[in-house]
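As structure tokens, the structure follows; a few thoughts come after it.
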Amino acid sequence: MNKNIFTLLSLLVFASMVLAACTGKLVATDVPAGFKCTDAIGCVDIAPDEPVHIAYALVTSGPDETLGVDARNGIEIAIEDKGQILGHEIMLTGEDEAGKPEGGLAAAAKLAADPSIVAVIGTSFSDAARDGVPILSQAGLIIVSPSNTALDLTLEGNENNHPGYARIAHNDRFQGHAAAQFTFNVLGVRKATTIHDGSLYAEQLQGVFVDAFQEMGGTITAQETVDADQIDMQPVLMNIATGEPELIFYPIYIKAGSLITRQAQETPGLENTYLMGADGMFSPDVIEIAGDAVEGLYVSSPDFTVFDEAYTSDFIPKYLERFGTEPFNIYHAHAYDAFMLIANAIEKVAVQDQDGSLHIPRQALREALYITKDHQGLTGNLSCTPTGDCADAHIAIYQYHLGKFPPEKIWP
């Protein structure tokens, strides 16, 4: 993202907050005479009849919209289960981050300008987080992502790790190692190639895979790059074929990943090569776009079978009743847990007046989030690190079969 554009949008957000302060609308309601906010980064004040305002920044349009829509569905079920927070209704609004850095920036600018928002659930994409989270963090919000997995977002001291940010999704160091272990130990592969699409998510994940695979004794024949909007993959695939790899690992998103899946089987020398994607390709859309070539495709992704028993017995029936379908992507339960961690943190730090007014100190809310320990969520036993890794990470390998979703879990 162009730094000048980022700076301009940041200034616009700051200006809108100053204007709100000048017009007496910086907080959700007038501050009662008996309460004085001493929090380092301010408080959200909510009148007795006002809701607690939670927002999302998720991808809800384009080729990867199933990722964000499925997560939003999980949030809505969580809100229904929670009912109220300290006697207040819960209001959910949101913005489409479009699965792109510029989309994350635009969504964050809109959300950061609304001082009634307590927390944001998002983003869907790690690349959208890198541009959007700095603005949301500067506005004093907590941001909890259901599906960001890139290593740098929670890496201590990294420029992309920001105060207030956390995630329920696994860190890709787990996913990359799991994919390499399956490739080397289960499939018996000794020569592999990787493809990424230029996103830091994909580049970092294939990098973890490469390092782990080589440490086990494997050989990487090539590390190729495609454009996320590329249609013709044949030049890259033909180059890969010259190295005679036994497996291609391409942890990219639905459209480009599905096209690689289809065109690899049409490339001389790759007809019998194992194909493996990652969580970005866990979607029924992969079956539609890849066609018959989807048969046998492997993907790494979170392991549903270790989720809490309530996931199967309670959450899934509610999802089916509310939306008329079973979940159609991977991070709906993570989004559910993201909301619940936020709600729990609010309940720990909020100050409540006798008339029902709430005062939520923003810095204290961040601290309450980061000290979360042993929260029993749908996705497991959640505890947060000081830089925002909260996941109970378990990665499985799934295999697609024609006309069937979800893909079949085959390892471990």
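The values are calculated or read from the model by the stated rules, or taken from the named source; none is laboratory data. Bear in mind the structure is a predicted one, so any value in this text is a computation, not a measurement. In this analysis, Cβ positions are derived from the backbone assuming ideal geometry, glycine residues included, and neighbour counts consider all displayed protein chains.
Would you be able to say whether some residue in the range 158-169 is within 16 Å of residue 387 (Cα to Cα), of a type in the set (Val, Ile, Thr), modelled with pLDDT of 95 or more and part of a helix (DSSP H, G or I)?
Residues of the range 158-169 that are within 16 Å of residue 387 (Cα to Cα), as a first pass: 158-169.
Then drop every residue that is not of a type in the set (Val, Ile, Thr), which leaves 168.
Cutting the leftovers down to modelled with pLDDT of 95 or more gives us 168.
Retained after the next criterion (residues that are part of a helix (DSSP H, G or I)): none.
No: the range 158-169 contains no residue that is within 16 Å of residue 387 (Cα to Cα), of a type in the set (Val, Ile, Thr), modelled with pLDDT of 95 or more and part of a helix (DSSP H, G or I).
Just name the residue that is nearest to the chain's Cα centre (by Cα) out of those in the range 294-339 that are assigned to a helix (DSSP H, G or I) and under 15 Å from residue 282 (Cα atoms). If you could, list the steps in order and put the result at the bottom.
Residues of the range 294-339 assigned to a helix (DSSP H, G or I): 294, 304-306, 309-323, 332-339.
Retained after the next criterion (residues that are under 15 Å from residue 282 (Cα atoms)): 294, 304, 332-334.
Numbers: 294: 24, 304: 16, 332: 10, 333: 11, 334: 8 Å.
This residue is 334.
Going residue by residue through the range 45-63, is there one that turns out to be in contact (Cβ under 8 Å) with a residue 60 or more places away in the chain, in a loop (DSSP other than H, G, I, E, B), surrounded by fewer than 24 Cβ atoms within 10 Å (Cβ to Cβ) and in contact with a helix residue (DSSP H, G or I) (Cβ under 6 Å, 6 or more places away or on another chain)?
Scanning the range 45-63, I find at least one residue that is in contact (Cβ under 8 Å) with a residue 60 or more places away in the chain, in a loop (DSSP other than H, G, I, E, B), surrounded by fewer than 24 Cβ atoms within 10 Å (Cβ to Cβ) and in contact with a helix residue (DSSP H, G or I) (Cβ under 6 Å, 6 or more places away or on another chain), so the answer is yes.
Pick out the one residue from 129, 78, 107 that is free of Cβ contacts under 8 Å to residues at least 60 places away in the same chain, closer than 20 Å to residue 369 by Cβ and in a helix (DSSP H, G or I). Let's see the steps before the verdict.
Working: 78 fails: free of Cβ contacts under 8 Å to residues at least 60 places away in the same chain; 107 fails: closer than 20 Å to residue 369 by Cβ.
Exactly one residue qualifies, and that residue is 129.
What is the one condition in (1) under 30 Å from residue 202 (Cα atoms); (2) at pLDDT 95 or above that residue 9 does not satisfy?
So the condition that residue 9 fails would be (2).
Mind telling me which of the residues 117, 143 ends up being within 16 Å of the chain's Cα centre (by Cα) and either on the phi < 0 side of the Ramachandran plot or modelled with pLDDT under 95 (or both)?
On the way: 117 fails: within 16 Å of the chain's Cα centre (by Cα).
One residue alone meets the criteria, 143.
Look through the range 393-412, keep the residues that are assigned to a loop (DSSP other than H, G, I, E, B) and among the hydrophobic types (A, V, I, L, M, F, W, C), and return whichever of them is surrounded by the most Cβ atoms within 10 Å (Cβ to Cβ). Lay out the reasoning, then the answer.
So the first thing to find is which residues in the range 393-412 are assigned to a loop (DSSP other than H, G, I, E, B), and the list is 393-394, 402-403, 412.
Still in the running and among the hydrophobic types (A, V, I, L, M, F, W, C): 393, 402.
Numbers: 393: 20, 402: 12.
Restricting to residues being assigned to a loop (DSSP other than H, G, I, E, B) and among the hydrophobic types (A, V, I, L, M, F, W, C), the top hit is 393.
Any chance the range 55-71 includes a residue that's modelled with pLDDT of 55 or more and in contact with a His (Cβ under 9 Å, 6 or more places away or on another chain)? Let's see the steps before the verdict.
Start the filter on the range 55-71 by keeping residues that are modelled with pLDDT of 55 or more, which leaves 55-71.
Within this subset, residues satisfying the condition of being in contact with a His (Cβ under 9 Å, 6 or more places away or on another chain) are 70-71.
Yes, the range 55-71 contains a residue that is modelled with pLDDT of 55 or more and in contact with a His (Cβ under 9 Å, 6 or more places away or on another chain).
Here is a list: 219, 225. Which entry is among the hydroxyl-bearing types (Ser, Thr, Tyr), in the same structural domain as residue 271 (by TED's automatic domain parsing) and within 23 Å of residue 185 (Cα to Cα)? Lay out the reasoning, then the answer.
On the way: 225 fails: within 23 Å of residue 185 (Cα to Cα).
Result: 219 is the single residue among 219, 225 that is among the hydroxyl-bearing types (Ser, Thr, Tyr), in the same structural domain as residue 271 (by TED's automatic domain parsing) and within 23 Å of residue 185 (Cα to Cα).
Being crowded, with 20+ Cβ neighbours inside 10 Å and at pLDDT 95 or above is the filter here, so list the residues in the range 244-253 that pass it. Give the derivation first.
To start, the set of residues in the range 244-253 that are crowded, with 20+ Cβ neighbours inside 10 Å comprises 245, 247-253.
Listed by number, the residues that qualify are 245, 247, 248, 249, 250, 251, 252.
Only strands (runs of 3 or more DSSP E) wholly contained in the range 172-270 count here; list those with 3 or more residues that are of a type in the set (Val, Ile, Thr). Lay out the reasoning, then the answer.
Details: elements: 191-196, 219-225, 247-249.
Strands (runs of 3 or more DSSP E) meeting the threshold: 191-196, 219-225.
Consider only pairs whose beta carbons are under 7 Å apart and that are at least six residues apart or on different chains; among these, list those whose first residue lies in the range 315-341 and is in contact (Cβ under 8 Å) with a residue 60 or more places away in the chain and whose second residue is part of a loop (DSSP other than H, G, I, E, B) and of a type in the set (Asp, Glu).
If the second residue must be part of a loop (DSSP other than H, G, I, E, B) and of a type in the set (Asp, Glu), the pairs left are 319/326.
Is it true that some residue in the range 86-107 is in contact with a His (Cβ under 8 Å, 6 or more places away or on another chain) and either surrounded by 22 or more Cβ atoms within 10 Å (Cβ to Cβ) or farther than 26 Å from residue 317 by Cα (or both)?
no
Considering only residues that are of a type in the set (Gly, Ala, Ser) and farther than 19 Å from residue 156 by Cα, look in the range 348-392 and name the one that is surrounded by the fewest Cβ atoms within 10 Å (Cβ to Cβ). Write out each step before concluding.
At the first step, the residues of the range 348-392 found to be of a type in the set (Gly, Ala, Ser) are 350, 356-357, 364, 368, 377, 380, 383, 388, 391.
Narrowing further to those that are farther than 19 Å from residue 156 by Cα: 350, 356-357, 364, 377, 380.
Values: 350: 22, 356: 14, 357: 22, 364: 19, 377: 23, 380: 21.
Residue satisfying both the conditions and the ranking: 356.
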